[in-house]
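Bear in mind these aren't lab numbers, they're just calculated from the coordinates by the rules spelled out. Computed from a predicted structure; not experimentally measured. Here the Cβ positions follow ideal geometry from the backbone for every residue, glycine too, while neighbour counts run over all protein chains shown.
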Amino acid sequence: VIGPIGVVGSETRRSADFLLNGIIRPAIESYLSLKVWRADEDNQPGMITDKLINDLFESDLVIADLSELNPNAFYELGIRHAAEKPTIHMAAVGTKLPFDNLGHRAIFFDCSEWMSIEAARRQLMEQCEEALGEGFKPSNPVVQALSYKAFRASPRKEDNLIADMMERLESLEAQQLAPLTGRVTKFD
């Protein structure tokens, strides 16, 4: 699990602990028999960042809490996206996700509402089952950019056509998202 952790006793830590122990662990550990951990729970000796980056590349699944728009969480999310492995995004209700994350499905939760907590657990379990299922292919901005680059570099005319279509689709998506983000983009 990646996301803001905060110092012991802070509101950030209380929120992070509730998400981890009140939503994520109950949804995953009892149903999917996966070990769930967060960086502050890892007491192995050595470089923290080395272990963290290795975990981001090697873990079967990563849950990313984007609630406080924490820069470290987004840095770690970018590393995970580069690994091209399953990632599930979560955020507290009211979080205004940045433009690059708007197209990625996120589970929104409100820790003060029981029904929201239950819904988040159910959605998380369902997304975990899907993400860990056979044949699942992660999609994120890094994967899409690399796919686009591969199609564009291909000598095959059909692949170049696919790259053109991907570029046009991205332009249309940006036009649709512009009102949501307040960003105006000029298109030729």
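Starting from 0.36 nm per residue, how many nanometres of slack lie between Trp37 and Ser139 once their C-alpha separation is accounted for?
34.4 nm
A crude spin-label estimate for the pair Met125 and Asp17, with each label 7 Å from Cα along the Cβ direction, gives 2.6 nm. A Förster radius of 35 Å combined with the Cβ-Cβ distance from Lys96 to Glu58 puts the calculated FRET efficiency at roughly 0.65. For Gly133, the shell of other residues with beta-carbons less than 13 Å away shows a net charge of -4, using +1 for Lys and Arg and -1 for Asp and Glu. Other residues with beta-carbon under 13 Å from the beta-carbon of Ile107 carry, at +1 per Lys or Arg and -1 per Asp or Glu, a net charge of -2. Based on the alpha-carbon gyration tensor of region 23-122 and its eigenvalue square roots a ≥ b ≥ c, which shape applies: rounded if a/c is under 1.5, prolate if not and a/b is larger than b/c, or oblate? It is oblate, given that a/c is not under 1.5 and a/b is not larger than b/c.
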